[in-house]
Every structure is written in C-alpha cells, then in structure tokens.
Amino acid sequence: MNARIVAILVVLLVVLGGAALLAQREDIAQRPQNVSFLGQLIFKDLKAADIARIRIVEPKATLTLERRDDGWVIAERGGFPADLARVREFVVKAISLKIAQSEPVGEKDRARLSLGASATQLEFGGANGKPLAKLLVGRKLFRGEPENPERALGDGRFVMLPGDDKMVYMISDPLLQATAKSAEWLDKRSFQIEKAKTLEVRYPGGEGWRLERARENASWKLAGQRPGEKIDASRANAATYSLGLLDLADVAPQDVTPEATGLDKPIRLDAATFDGLSYRVRVGKLAGENYYVGFEFSGKPGKPAKPEDAERIKKLEERLTKDKALAQHVLLVPKARLEDTLKKRAELLEKKEAKK
C-alpha cells in the first residue's frame, strides 16, 4: 500500500471517529483495504419505523424486545415494560452505524475478535415477523490496553455481517447496549408507598414491630412501647420514607420458584396510607445486592380534600394502573432501598447511655 493511500485512510478514520481504532492495530497498513466501504452505513435499508422486534442472542442468554402499543416490552420477562428511551436510543444508534474501517479476516482472526461462537448476535425484525437485518457483534476496541477490558467502555467495536465471514468491520461506537441482560433494558420505575399511616414488619420467626401515626405531620409511635423505651424519630422516618423511594434493579424470570426466591418464607411488610391504600409486601432472599420482592395492594385514592391535591391524586391513579401490572412479577429491589425498613425493633429505639 503506498503512502498516499495510507494518508487518505488516516484522514477518513479521524473524520469517522476511528483514529483510535487505527492506533490499536499496528498491522492494519499491511493488509488490503477496501476504501469504498469507509463511511457507509452498516444497515443501508433499515428504518426505525419498520422495527418491531429486537433480539439479542449471547452464548448463554437471549433477550427479545417487542414493540407493543406505544411502548416496548421484554418477552423473556413476561412482557415486562422496557425503558422506552433506551430502546429508542439504541434503534437510532443502530441505524446510524457507519463503517470506520474494514479488513479481511480468517478463522483465527474471527475467534480472536470474538466473532465466532462467542459473538453476540443482533437481530431486527418487522411487525409481521419478517427479518430486517442482522449483525454479529464482537470484541470492543481500545486506544490502548485498559486495566480491565470487561469494565472499560471501549472506543469502538468489531462487527461482522452474516453471510460474509471473510470481512470484519470496525465501528467507532462500542455498542454497550448490545447485551442480553434484562437489567440493562427494563423500565426501573417501581411501586412506591407514600404518605404511610401505619407500617408493620414481621419476620419469618414471628418477631417484628409496628409504627403508626394519627396525621401526616405527627410523630411516629411504636406499638407496644415499653417503659424506658424511646423511639428514634430519624430511624422511624427513614423506615417509612424509604418505601416511597423504591426502584428496580431487575425482574426475575417467569419460571422462578418461591423456594428459589425465598418468597415462600418472606419478611412481610403491611402498610396503610393516608390516601386509602393498603399494601402487602413480601421480601425474600438476597440475590447479590438485590432482594426478591413480591407485592399486592388494594383500595383507591379518595377525592382530593383540597384543590391543590387534585393533580397529585391524578398522578397517583395513573401510577396505580402501572402497579397492577408490576404486581404480576417477582421484582428485584436494591438492598440499599430496603435496609432502613428491614431493621429490627431494637434498631428503631434510641440507644441508652451507659451509666458512669
């Protein structure tokens, strides 16, 4: 390859965000290049409006996103809602992918670039089930050698089109969303218990505690409070307020069993709110840093006492509609969100000062 062609390639790669890719491959100048590929779209005819299904296949996992009504759902999680903004972002990114560099490869190269059996397969389909496009996604590209390649974001990605295993393409986007992990795709809005009036926590062994208050701005009282005991107001507030900040880490597969999640012998939370709602929450085992959680609720918000409450009640009713769908699933809630609520009774009391 003469110096002029190499210079042209360098300019094109910089423009397309691929200068980092060139630096990683010292042998690139020695391999034959097809300049006509540079800058072309990976998916020439793929249109966002046509995509109704996205399937991501990894060696040990598969995730399918399906367009439903005005949103997207995760098929492998029983139609659990996906994060609409993330799906849209991924679609826009996918149809905009351009070739920053290309080179011919052999079988050993494909294995080294994770474009063989370990590749991630990305598939786009239409509403009628018709396949629209496919892409094999391989190893991430880096400017230099990162300390932890698995966690490093990357500067690009090696990809390959099905039916052409002799040519690898490099793109300047690491495609981090090309993963079959449901936690990376789901809508993480959870049910939340706000304006609690009472909260009772019962552990599998039978022990537990109950907090109650007469008004929203009143202090919490601990049921069965003994002489000499004094409730720690900040801890009581944290135990109840935390339930209004719940979010999701993930959703369990549909076939998960109560024994596997610990929901056959759970910690039980019963709460009533000033809005007229009652919640029964079951907290099971820890899975890493997340608890398995199931819940149900009953009641409906009353009429707003003041005109300024009307908008809040309207939003609450909309959220409860979504909560009905959430209640059909086993949720995974971050441990940090439940730690204050799951404290033992003794931890809700002020510590007695040691006598001198």
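The values are calculated or read from the model by the stated rules, or taken from the named source; none is laboratory data. All of these numbers come straight from a predicted model, not from anything done at the bench. Quick note on the areas: whole protein, heavy atoms, side chains included, nothing else; ligands and nucleic acids left out. Shrake-Rupley method; radii C 1.70, N 1.55, O 1.52, S 1.80 Å.
Tabulated results
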{"quantity": "Accessible area per residue, Å², region 175-323 with all protein chains present, probe 1.4 Å", "calculated": "54 Å²"}
{"quantity": "Taking region 205-317 and dividing mean pair separation by its residue count, relative contact order in percent (alpha carbons under 8 Å, at least six apart)", "calculated": "14 percent"}
{"quantity": "Rounded Å value of the spacing that divides the Cα centres of region 310-356 and region 72-87", "calculated": "25 Å"}
{"quantity": "Lys pairs, region 265-318 - Cα-Cα below 15 angstrom, 8 or more residues apart or on other chains", "calculated": "6"}
{"quantity": "Candidate lysines for bridging to Lys93, where Cα separation is under 30 Å - those fewer than 8 sequence places away on the same chain excluded", "calculated": "Lys44, Lys47, Lys60, Lys108, Lys130, Lys134, Lys140, Lys166, Lys181, Lys188, Lys322"}
{"quantity": "Calculated mean projected area of the Cα convex hull in nm² (choose from [x] 26.1; [y] 18.9; [z] 21.9), label", "calculated": "[x]"}
{"quantity": "Accessible-area composition of the chain, carbon plus sulfur, in percent [1.4 Å probe]", "calculated": "50 percent"}
